[in-house]
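The values are calculated or read from the model by the stated rules, or taken from the named source; none is laboratory data. Because the structure is a prediction, the values reported are computed rather than measured. With ideal geometry, Cβ positions are generated from the backbone for all residues, glycine too; neighbour counts draw on all protein chains shown.
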Amino acid sequence: MVSMNMPLLVEETRPLPVKLSEKEVATQSRRLAEILGEIAKEEESLRAIKAASKSSLEALAEELSRLRNNVLTRQETRPVTCQLRADLAAGLARVFRMDTNTEASNRPLTTEEKQMNLPGV
């Protein structure tokens, strides 16, 4: 209780605990539920943004790696017209690049490929 017999030094406002009314509790409870819903929405939005960013970063990292490799090796893989030819004397199927007329690879001829080149077959 305030004693009016004491001299007043100063009157001020301070943050102190105050008991909430039932109406105030209900109002703050509704706002609490709204905020929880908003937080859930924002977190979902953040997950979607992160997923999109991750995908974008992965694509950039892939391109970076490809370009880095191209620059370091001074070459890149491109579609090149090739011909597969039978070298019967060596028993090999040889792949020739048509852009440089050089052999790109070879492998043993299959039995079927050997038979295709027999006279009268």
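The table below lists the values:
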item	result
Identity of the residue in the stretch 80-121, surrounded by fewer than 14 Cβ atoms within 10 Å (Cβ to Cβ) and among the basic types (Lys, Arg), that ends up farthest from the chain's Cα centre (by Cα)	ARG85
Unmet criterion (only one of (1) part of a loop (DSSP other than H, G, I, E, B); (2) at pLDDT below 95) for ASP99	(2)
Per-region count, the stretch 45-79, residues surrounded by 10 or more Cβ atoms within 10 Å (Cβ to Cβ) and more than 14 Å from the chain's Cα centre (by Cα)	10
Residue pairs meeting the criteria (Cβ under 7 Å; at least 6 apart or on separate chains; first assigned to a helix (DSSP H, G or I), in the stretch 22-41; second surrounded by fewer than 10 Cβ atoms within 10 Å (Cβ to Cβ))	none
Flag if GLU42 is surrounded by fewer than 10 Cβ atoms within 10 Å (Cβ to Cβ) and either more than 30 Å from ARG107 (Cβ to Cβ) or of a type in the set (Lys, Arg) (or both)	no
Condition check for LEU20: in contact with a helix residue (DSSP H, G or I) (Cβ under 9 Å, 6 or more places away or on another chain) and either on the phi > 0 side of the Ramachandran plot or not basic (Lys, Arg) (or both)	yes
